[in-house]
Every structure is written in structure tokens, then in C-alpha cells.
1. Here is a list: B:Leu363, B:Leu354. Which entry is open to solvent by 70 Å² or more (accessible area, probe 1.4 Å), touching a residue at least 12 places away in the same chain (Cβ under 8 Å), of a type in the set (A, V, I, L, M, F, W, C) and in contact with a Leu (Cβ under 9 Å, 6 or more places away or on another chain)?
2. How many residues are more than 14 Å from B:Phe530 (Cβ to Cβ) and either touching a residue at least 60 places away in the same chain (Cβ under 8 Å) or not in a loop (DSSP other than H, G, I, E, B) (or both) if we restrict to segment B:551-572?
3. Might you check whether a residue that is in contact with a Pro (Cβ under 8 Å, 6 or more places away or on another chain), among the hydroxyl-bearing types (Ser, Thr, Tyr) and part of a loop (DSSP other than H, G, I, E, B) occurs anywhere in segment B:347-362?
4. What are the residues in segment A:101-123 that are more than 20 Å from B:Met632 (Cα to Cα) and aromatic (Phe, Trp, Tyr), if any?
5. Report whether or not B:Asp706 is part of a helix (DSSP H, G or I), open to solvent by 20 Å² or more (accessible area, probe 1.4 Å) and not basic (Lys, Arg).
6. Which one of these is open to solvent by 30 Å² or more (accessible area, probe 1.4 Å) and farther than 30 Å from B:Thr640 by Cβ: B:Ile578, B:Ile582?
7. Can you name the number of the only condition in (1) farther than 26 Å from B:Ile151 by Cα; (2) part of a loop (DSSP other than H, G, I, E, B) that B:Ile319 fails?
Amino acid sequence: MNKSILLIDDEVNLAQVVAVCLESFKGWKVTVANSGKEGLRLLETIKPDAILLDVMMPEMDGISVYQNLQNNSETQNIPVIFLTAKVQVSDRERFAQLGIVGTIAKPFEPLKIADQIAELLDW
Amino acid sequence: MTSPTLDVAITILIVDDSEEDRVTYMRYLQSDLSRSYNFLEAATLEEGLIFWRSHQPDIVLVDYSLPDGEGLELLEAMGEGVLVPKLEAIVLTGHRGNEQLILQTMRLGAADYLSKSEVTALSLCNRVGRVVDHLLLSRKLQRLQNQEIVIAKIALHIRQYFDLEEISNAIVQEIRAFLKADRTVIYRFNSDMSGVIIAESVFPPWETCIHRQLSDEYFPENMGGEYREGRVFIAPDIYTANLSECHLHMLEQFPTRASLIVPILHPNNLDHPLWGLLCTYQCFEPHFWDELDIRLLQQLSVQLAIALQQAELYRSLQISNTDLENRVNERTAELFKRQQESTALVENSPNLILRLDRQLRHLYINSAIEKILGIPPAAFIGKTFREMGLPERSILVAEDAIRTLVTTGISQQYEIEFPLSDNRGTAHYQVSVIPEYDADGEISTILMVFADITSNKLSEFALQEANRRWQSLLDNVRLIVIGLDNEWKVEYANPFFLESMGYELAEVIGKDWLSCFVPQSEQENIRRDFGGFLNNPDKFLKYYQNAIVTKSGQERVVSWNNTILRKQNNEVIGTMSIGEDITDKLKVERLKSEFISIASHELRTPLSSIRGALGLLASGVLANQPEVAQNMLNIASSDTERLVRLVNDILDLERLESNNVTLNRQWSDTAEICQQVIETMEAIAAKSQIEIISNVPSQQIFADRDRLVQTLVNLLSNAVKFSMPHSQVHLEVEAITDEIIFRVRDHGRGIPESNLESIFERFNQVDASDSRQMGGTGLGLAICRSIVQQHGGKIWAESVLNQGSTVSFTIPHRI
């Protein structure tokens, strides 16, 4: 059965490219949300196998979205991977403490991103 | 011992041609046991005369009729040269009762007349005895008289001479001559009762024993024994005088046979009355010392004591005189030396010293003047300052000081500078003006001392200059300078601190630094970091950074460079801190770091899309999905555009903010500028169905036209982006006194009040995703602000939420 992924990123173009990558190489079903709020709203109706979450977003950033997910029993067990340009060591340490599965850096490797995600999720 | 006078043998010369008679007479006379006689016999007149002349007999018994002449001739010879002779002679005659003969005998001075027929033992002894008595008496009288003369001579001598040695010598001389002794000495006791012979008269061939030290163990034992009581020692023969062996031995050394010794007693010294001994000796034969000898010696010893006393008085007088004289000499020498010294001091003093009379004429001036003015001191004597042509100012100051001195009697002091001779520069003097009084207490002369304080002055000037420089540095340096005492109280604050923090000096001095000028949040840290005390050198931090509070309550971050202030004894008295306000620098750094962080994010994001899209296309995975592939190409293309814009804007802003862009200012017409802007925007506006409305006024403006167009396009495009379709955007221009105001007004959703200022910061759009969706870079307004500021204008935003926003900026008229 095909895996489903929710991708939350305010960068519309980037989200489209990532979605195409995942669908083309793995055949995963990708749903895109262009803001944290939109993502949380979508989660009320869909139950993705994993969430790809951008960190730097206006209004509600990735950290807030993640905390929201953790506070909701419906969503708290969904594995989350950060997709971020913040790749400094201090950032990675901070993210790791949150309990996320892993981080994928922007700019990503288009041919490898699907494999990286599969590896992080043991798919 | 009884008087020896009667025991003296009388020599009687019997002149008689009858041997029988002579023997008879001698037998008769020897029968008188109370006297002892020696006899000389002569049978003729001639023989009698010879004996008389050679032996000087005491008494003559002469027969009237002698074979070779009358006995009266002998009487005549004896009485020769004497007016009224009184001869110790008795005439014997066979003629009885011859009146004429008796008369003649008496006239010749014979003592008695005796008829041979009347001569019996008794009559002869009586007659001779009477003559002897007379003889002895007259001799004694004579001797007493002579003795008085000797004593008188000595006394006179004592009165004439005060020198004890001289008197002593005279006394021994007189005594020895008078007593016909072999030796007369004065022996003086030392304090240990040994003694020395201090005066001597000795008859040759006896050797002198003057200055001989003699000691008799007998004397020290009993302090002179009976001599102390004035007893006289009389020894006609030392070998019968019952003397000790050693005493004899001592006397034999002189030598001595007979001695007569009287003590010389010191009349004023009761403890040691025995001063010495007056001794007369016969060296070879025993000698009978008669009463007169003894009395003479005693009397002379008294005279000697008087002389002694007198000599001592004289000597002590002489000593005190000499002492006085010595002291006067010493004083005089010392005075002279002092005077020499003080003269040398004054003469060689580096200070100029002078004395003036009341008419201000020089009485004295030391040689320092020659070094100062090159004029010898002598030239000044009797002249005034004015006559010497000294600088007018120095004269006036000196006269003024002297006038005050004379009026008040108080020493004056002033400082003056004086040009040195030969262009050696200027010397500085501290002048003391000192009054000198005469016996009446009037100021008679004035002493002036010019102390050279040039080097002091120069160092004082240097110090003042150094201080002035420091002060000037502290006053003008664009750094904060704060001095604190050990109690953290402010002792010093420089003008820059006051100016930049908005305080008055009085609000700062003496205040507690931490509680008044440091934010509460930092006070504890500072106390901890400095170990609680500012004067704790172990925990003293040279470099420190903390915030301080301005008067208006703002916090400014200051980077301090601290120094401990110490006294010369190393005691810590406080700190001096120089601080730089690094608030703005920190802000710039923070902004820069944020900018880099944001810029890198903003650059990475489109780059990620481009790389992803192109990577997918290149992989061929989309070969069977031409629509998706086309979409990927569009995304890559649009994000490449965005990347180019972003890079351009960053570079543009960087150039503007680093002032690397020089404005190309020129006169333009605002109407033309607005027309150009509207033309540029028309297509975009039309696409968004927005109408641009402009009053398009015609105003001459001195500005960089391209930059002005760039700014207005930027603002208009923002307005268009955030406006609802079918709404209007206004571009208005208004000229007022000093400047021209441009306004871009929309009817969009508005800007929250909290963002009205931050929107002009880089990447600080209200909603970044909005901006990106609208194709913005997040740098537009920052670039606008920079351009406006370069023109000397300002830019600001006003907004009412959901009703619209207005962004305005001013461009000043040409200055």
C-alpha cells in the first residue's frame, strides 16, 4: 500500500518540487499545505504516515506546528521530519531535543530526498 | 734647746811681755766656769797688732807698757776709723792712780782700766765678764738689726715680685748668706706628701740638688707629723740627732752634717696646712743653730707663706686673666669664622641677595647678580633699581612690596620673571622682602632675597600643560570616562558621558554608580564579578561590558577599559574607566548577522526549488509526464528570476548603505517623474485591475531621478500588491516650504501599528509569504528608505487596518 505524506511548506514552488520527487521516485501520495494553519486543518481530515515540516514559516513556524501535533493525541504519533534551511549545528541539536525523527536540509538532493526520508522512517 | 749664746767661746787676746802674768790671767779667767774662753798670747805690741788683724779676737787684754811701745797704740789701731770707739779692750798697768793715763785710756775707747796690783781672779773675771756681756749684747743687737734688714728686704721683695720662684730664690739666697750656711733649700710637698726642691742656694763646691725629688716615708704616714703644728727641727749634728737610718742615708746624699728646718704653713688650707719646708744645712761640720737663726727662719717661712698666698692669688688672677683672654680670643676667632662662613654662604648663594637702605639704594648685593645680568655687584652699590635701568615692571612690583613692608612692617613675598643677560631666556624668582631694624626698632634697611624658581616654574608650567592636555582629552574625547572611589561613588564623569547619557554633572557626582546608572538586572553580576569591592585588585577586571541607563531610561551597552587608581604608597583609591558606547555597533552586528541568516535562507529557498526541479528533469523520471516536467521548468525559471532579483537587491542595498553610491542629482520635474513611474506600473496595475491615480503636480526637484523613480515604483508596486482588485492606488506630490512630500496611498488591508517602523527593515515584511507570493524580495522598503535618507529626507508609514496604508517620504529642496 502506498505511503501518504503531508508536506507543510510556505514555499509553493519548493513544495511542488518535493511532492513531484516523492511521487515520482517512490509513488508516495503527497498532500501539500502552504502554511502551518492549513496543515493542522488538513490533519483534521487526513491521517498521513509521516509529516514533512518546514521550520521557517510566517505566522506559525514549524516548531509551533510540531508542538501542536504533540499536544493532539490524534497526531502525536505521526513521525515528523523537518525540512529546513536552518542547518547549523545549534539548530540540529535544538531540533533533536524536540523528538523529531530527523532533518533534511535545504537545498535538498532531488534524486536522494525520497531515499533519505525512507531511511529516516525505516520504510 | 737653751740659748747657745753663753756657750759661745770668746777669744781673748792677751798682750803682755810677762809670760807669768799672761798665764796668771788665763788661769784666773778659766776659773769662771760660766764662760769659756780661747786665748791668744802676744808678748809685744807688734805681735799683738798682728794677732788683732789676723784673728779678730773678741776681747783684748793689753799691758800699758810693752817693750816695743805703749799698749795704747793697740787701742788706737783698734779704734781706727771710728769716731767714738767702743773697744772691747781692758788696759792693764803697773801705775796706780795715774789720772792722766786713765783719762787717755778712756778717750781711746777702752772698756776698762785695771791696775796690775789690783788684779785678782775675781776682779779680772768681773771686769772681763762685764766686757763680754757688753760685747755679746751689742753683737746680739747688731745681729737682730741685720736680721730685721734681711726680713725687710725679703718682705719688700715679696711686695715687688709676685713670682713665687723668684721670691723663693731670693729667700734661700738671703738666708744662706745671712746664716753663712752651706746650703739653703725650699722643699715643697706634693699632694702625696712626696716632695721636690724648688729653690736652692748652695755654696761651692757643694753640688746643687735643685729639682731633686725627695721622698721620706715618714711624711706620708703622718702627713708631715709635727711640722703640721709648726714645730722646728734643729740638728746641730745629724749623727747625734737620733735620726733613723734611712733619714740619715738621705741626708748624707747632699751631704749634710747640721740642719735647721722650719715648716712653711699654708695659711688658708686647713686640711693640708703643710706646704713645704725651709731648710738650712751645713754640709761638713756640725753647727750650733742659735735662737736668732731659728727665729729668722721662722719669720721668713711666714713671709714665704704670705708670698705663697700672694703668688697663688696672682696666679689664679693670671689664670683667670689668661682664661678670659683666651675666651675672648676664641670668641673673636669664632665670630670671624662665622662671619667668613656667612659671607661665603651669601656670596656663593645661587639666590640673589641684596640689602637696600630706606632710599632703596643698594648697600650690598651678592655676586649672583653678575650671573643673572652680567653686571658686577660693585656697580650696584649706592644705586637704586631705577638707576640701574632694571625692567620697569620689576621695579614697580619691588617698590610696591617695599612700600607695603614699610607701612605694615610685615615681610612681603612675590614672584616675578626676569630676562637673563645674553638672551639666555627668562628666569623666575620668588622674592622675599624682609625688614631689618635698628636699635630704636625702626626699619633701617631692607633685605631682598630672590630665590630662583625657574626650574620649579618650568615644571609647574609643564605640569599645567600636561594637566590641561589631559583635561582637554577628557573633555573632548568621544569616549565615556568615569572615575569611581572605593565605595563605587562617582568622583568624575567627563562631558561626553553627561552629553551622551543626558545627565547634568550634579546628578552624577557622589552618586552610587551601580544603583543609579546600571540596570537592576546587571548590578548583581557586576558585584559578583568584581568580588564585591572595587578595590579588590585580585578580582579586578580590566575589560568589562555592561549596560548603563540614560536619564531617559534607555539602556546603552558600554565596553569598559578599567584602571585601578593608586596613591604613591600603592593604596587603592578608586578606579578610572574609559568606556565606548557599543549599543549601535552591537545592533549593527546583530542586524548583520540576522541579515546573513535571513539572506542565506532567502537564497537557499529558491535555490532548492531550482535544484530540485532541474534535478527531476535531468533524471528523466518525468519523461512520461510532460505537464509535470513543464511545471518544473516554470518553477525553475521563476525562482531563478527571484534569485536574480534578490541578489540584485542585496547588492543594491549594500551599495546604498555603505555609501558607495553617489547620487546623480539633477533638476527634474516631478510631473515627468510621476509620469514615468505610472507608465512603468501601468501593466502590472492593469493586470491586478488596480487604478493608479496621481495629481501629477509640476515641481522642480533636485534629486537623483532614477533613484526617485525606483523608490516610487517600489512603493507603488507594494501598494498594488496589497490592494484588492478594482481598488485605487494614489500617487500624490506636495511641495511645502522646505521639502517636497511624496505619498503612495492604498486601500488595502493595512499594516499593524507594531510593524509601521519595522517594515523598513530588511526582510521584515509583515508577511513574508505574501511578499514572496507577490514576487518581492523583502528588501524593497529598506532600499527605499536608504535612497530617501541619501537625499536627506525621511520615510514613514501610516495605516488603518483594513482601510489602507500610506507610505510618505520627503525630499528636501536643494540646500
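1. Exactly one of B:Leu363, B:Leu354 is open to solvent by 70 Å² or more (accessible area, probe 1.4 Å), touching a residue at least 12 places away in the same chain (Cβ under 8 Å), of a type in the set (A, V, I, L, M, F, W, C) and in contact with a Leu (Cβ under 9 Å, 6 or more places away or on another chain), namely B:Leu363.
2. Number of matching residues: 8.
3. No; the residues of segment B:347-362 include none that is in contact with a Pro (Cβ under 8 Å, 6 or more places away or on another chain), among the hydroxyl-bearing types (Ser, Thr, Tyr) and part of a loop (DSSP other than H, G, I, E, B).
4. Residue satisfying the conditions is A:Trp123 alone.
5. When the stated conditions are applied, B:Asp706 passes them.
6. Step by step, each of B:Ile578, B:Ile582 is checked, and only B:Ile578 is open to solvent by 30 Å² or more (accessible area, probe 1.4 Å) and farther than 30 Å from B:Thr640 by Cβ.
7. (2)
Per-residue answers, yes or no, for (1) of a type outside the set (A, V, I, L, M); (2) closer than 21 Å to B:Lys587 by Cα:
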site: B:Pro495; (1), (2): yes, no
site: B:Asp529; (1), (2): yes, no
site: B:Ile548; (1), (2): no, yes
site: B:Trp560; (1), (2): yes, yes
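The values are calculated or read from the model by the stated rules, or taken from the named source; none is laboratory data. This is a predicted model, so every value here is computed, not measured. Positions of Cβ are generated from backbone atoms using ideal geometry, with glycine treated the same way; all protein chains shown enter the neighbour counts. Accessible surface areas use protein heavy atoms only, side chains included; no ligands, DNA or RNA. Shrake-Rupley method; radii C 1.70, N 1.55, O 1.52, S 1.80 Å.
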